[in-house]
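To start, the structure under review is shown below, and the notes come after it.
The values are calculated or read from the model by the stated rules, or taken from the named source; none is laboratory data. Remember, predicted model here, so these are calculated numbers, not experimental data. Glycine gets a Cβ as well: all are built from the backbone with ideal geometry, and neighbour counts include every protein chain shown. Calculation scope for accessible area: heavy atoms of the full protein, side chains included, ligands and nucleic acids excluded. Shrake-Rupley method; radii C 1.70, N 1.55, O 1.52, S 1.80 Å.
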Amino acid sequence: IVSYSTVFQNQDVPPSNCSLYKKPFLEYYEETPLLVAVLTYMGYGILTIFGYLRDFLRHWNIEKCHVAREREEQKDFVPLYQDFENFYTRNLYMRIRDNWNRPICSVPGAKMDVMERVSHDYNWTFEHTGKVVKDVINMGSYNYLGFAENTGACADAAVECTKKYGAGVSSTRSEIGNLDIHEELEQLVARFLGVESSMAFGMGFATNSMNIPALTGKGCLILSDELNHASLVLGARLSGSTIRVFKHNNMQSLEKLLRDAIVNGQPRTHRPWKKILILVEGIYSMEGSIVRLPEVIALKKRYKAYLYLDEAHSIGALGPNGRGVVDYFGLDPKDVDIMMGTFTKSFGAAGGYIGGKKELIDYLRWHSHSALYATSMSPPVAQQIITSMKIIMGEDGTTLGADRLSQLSENTTYFRRKLHEMGFILYGNDDSPVVPLMLYMPAKIGAFGREMLKRNIGTVVVGFPATPIIESRARFCVSAAHTREMLDTVSPTETDNVGNNESLSFVGSSEPFDVRVFAEY
């Protein structure tokens, strides 16, 4: 049993905050070893040198250049293309481009079928061979509760809904696109979240980027976590508000910004800010970390700020009832002013929602660009959400929802423990189904993705600029649909003598997998 004081001391949390948590809060962020950091920088340096050499050959038409360039007669104009981005794309990203955008031709469930493709010009273009790689274990989709399926109650309900309403609405909610199924969905979401009212949108990204500008504007202050999603960043910028960034999940950094905002007010005039809005996420999709919500709420109340919580990855995936990070910490939903989330992950559908007080939602119905100008959510998509949400809530008369929530928690714990035993360095919270596995070096990014696919395992590899330059990683997303056998295929069953120059064999694979290539000890 780990004491609260020990946990918080390890996480640089003041002991005074221990009472805010009902259970230990464990997250891991092992610092990049110095040798690994040096070798990583050397790897990028070598790639950069070779990149400049190849650009020299391209300049003299010795090597063909495939990317767009400025025309010679336009060299005195403002450049259309950013030089460094082009350089990085053609000389670094293109080497490992085959790890992304792989086309699949099946339901993205626990397993999927991947179309085989080849490149004859070093990843500039791809050709499909006509072959299909069958039964690839899907460790990349955000299918946390396994509702991305084409059979079962959700699929059957969506089919019947399509027969009744059709596939599209062809209008906005404020015109002829407001269906009774949309009203039913919003009432269900509000009841699921435990808030007064909610509003659904057809696109998750637009839920953030188009609604934040409706909530804040000039003379307002937005305090944003440094690792917030691009949709939150875009929404904050479009609002015209002043933006200040605090260190990831660092409550001391957030409190300092809040205190300075209250004391100093707006720049030059020093008038009080019209609003102070804190932007955080429930689960951070690249770090696997969970927001310190009890502390954020405590600071929000102390300094009279507003809280905007993005639960794209946490709704359905956290909490004993699947109601997200608020449920996970056992908090009151009323303490969160704006509850945002998406239906694209745990519900196997599309779109997003915002929940809160009735006055807030009524305001957004008339001031949100996404509500006024975007086409309404597709009826079968809305039905998919309604059916899956009722299953999670147990309103379908079965225990299927509770079983899936329990299975996701068990799979997450098991998978993280197995990878720790193998010697891999993982980031994030023990309870997060997003599992970042650190690779560090650029050469490992492509090698890891390719070697995993050879063993019928599909995963996501991420590098600079999506992550810091010395923190490249592979990201696994655990699902309730994964069986223990599938997880054992990804993590070897034998972990003995890893440090004694022995290879580990993957279950279901005839090829040995040398863990020494990827693990950092």
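Distance in nm between label sites at L34 and H59, each 7 Å beyond Cα in the beta-carbon direction?
About 3.8 nm separates the two model spin labels.
Express in nm, to one decimal, how much length is gained between I49 and K23 on full extension, taking 0.36 nm for each residue of separation and deducting their alpha carbon distance. Spell out each step's value before the answer.
Details: separation 26, 0.36 × 26 = 9.36 nm, distance 5.03 nm.
The span from I49 to K23 would gain 4.3 nm if fully extended.
Excluding same-chain residues fewer than 8 positions from K111, which lysines have a Cα within less than 24 Å of its Cα?
Of all the lysines, those that pass the test against K111 - Cα under 24 Å, at least 8 places apart if same chain - are K131, K134, K345, K418, K454.
Just checking my list (1) 25.0; (2) 27.3; (3) 23.9 against Kirkwood radius over Cα pairs in Å computed from this structure; which label fits?
Comparing each candidate, only (1) matches the computed number.
List the residues whose amide H sits under 5 Å from the amide H of I278, counting only those 5 or more places along or on another chain, with H placed 1.01 Å from N in the peptide plane.
L223, Y306, L307, Y308
Give a residue-ordered list of calculated ³J(HN,Hα) values for region 118-125 (Karplus: 6.51 cos²θ - 1.76 cosθ + 1.60, θ = phi - 60°; whole Hz; x for Gly, Pro).
Computed from phi, the couplings for region 118-125 are 10, 10, 9, 9, 6, 6, 6, 9 Hz.
How large is ³J(HN,Hα), in whole Hz, for each residue of region 206-220 in order, when computed from phi with the Karplus curve 6.51 cos²θ - 1.76 cosθ + 1.60 and θ = phi - 60°, using x for Gly and Pro?
For region 206-220, the Karplus-derived couplings read 5, 4, 7, 5, 9, 9, 4, x, 7, 9, 9, x, 4, x, 10 Hz, x marking Gly and Pro.
Between N250 and Y373, what is the label-point separation in nm under the 7 Å Cα-to-beta-carbon projection?
3.7 nm
Can you tell me which lysines have their Cα less than 21 Å from the Cα of K301? Leave out same-chain residues fewer than eight positions away.
Partners found: K22, K247, K256, K274, K275, K334, K357, K358.
Which whole-Hz couplings ³J(HN,Hα) result when phi for each residue of region 244-258 is put into the Karplus expression 6.51 cos²θ - 1.76 cosθ + 1.60, θ = phi - 60°, listed in order with x for Gly and Pro?
10, 10, 10, 4, 4, 6, 9, 6, 5, 5, 5, 5, 4, 5, 5
Give me the dipole magnitude in Debye, nearest 20, for the chain about the Cα centre, with unit charges on the beta carbon: positive for Lys and Arg, negative for Asp and Glu. Could you put the intermediate results ahead of the total?
Numbers: 54 positive and 59 negative charges, 260 e Å.
Dipole size: approximately 1240 debye.
May I ask you to derive the FRET efficiency for V78 and E226 from their Cβ-Cβ distance with R0 = 30 Å, giving the value to the nearest 0.05? Display every interim value, and only then the final one.
Working: r = 30 Å, r/R0 = 1.02.
Calculated transfer efficiency: 0.50.
Please work out the Kirkwood hydrodynamic radius for region 326-464, using every pair of different C-alpha atoms, and report it in angstroms with one decimal place. Show your work: numbers first, answer last.
Values: mean 1/r = 0.0531 Å⁻¹.
Across region 326-464, the inverse of the average 1/r is 18.8 Å.
So who's got an amide H within less than 5 Å of the one on V245, skipping anything under 5 residues away but keeping other chains? H placed 1.01 Å off N, in plane.
Answer set, sorted by chain and number: S224.
Could you tell me the accessible area of W100 in Å² (1.4 Å probe, neighbours in place), rounded to the nearest ten?
My reading of the accessible area for W100 is about 60 Å².
Quick one: which residues, 5 or more positions from Y440 or on another chain, have an amide H under 5 Å from its amide H? H modelled 1.01 Å from N in the peptide plane, none for Pro or chain starts.
S472, R473
Please find the FRET efficiency linking N123 to H420, where r is the Cβ-Cβ separation and R0 is fixed at 35 Å, and quote it to the nearest 0.05. It would help to have the intermediate numbers written out before the result.
Numbers: r = 34 Å, r/R0 = 0.96.
Efficiency computed from Cβ-Cβ geometry: 0.55.
Which FRET efficiency value, to the nearest 0.05, is calculated for R484 and A167 with the Förster distance at 51 angstrom and r the Cβ-Cβ distance? Before the final figure, lay out each step's value.
Numbers: r = 38 Å, r/R0 = 0.74.
In this case the efficiency is close to 0.85.
Only Cα pairs under 8 Å and at least 6 apart count here; give the relative contact order of region 153-393 as a rounded whole percent.
Details: 477 pairs, mean separation 74.6, N = 241.
It comes to 31 percent, rounded to a whole number.
Mind grabbing the accessible area of K256 for me, 1.4 Å probe, Å², rounded to tens?
Roughly 120 Å² of K256 is accessible to a 1.4 Å probe.
Under the definition of Cα pairs under 8 Å and six or more residues apart, what whole-number percent is the relative contact order of the chain?
Values: 959 pairs, mean separation 94.0, N = 521.
Over the chain, the number comes to 18 percent.
Among I391, G140, F464, whose Cα lies farthest out toward the positive end of the dipole of the chain, if unit charges sit on the beta carbon of Lys, Arg (+1) and Asp, Glu (-1)?
F464
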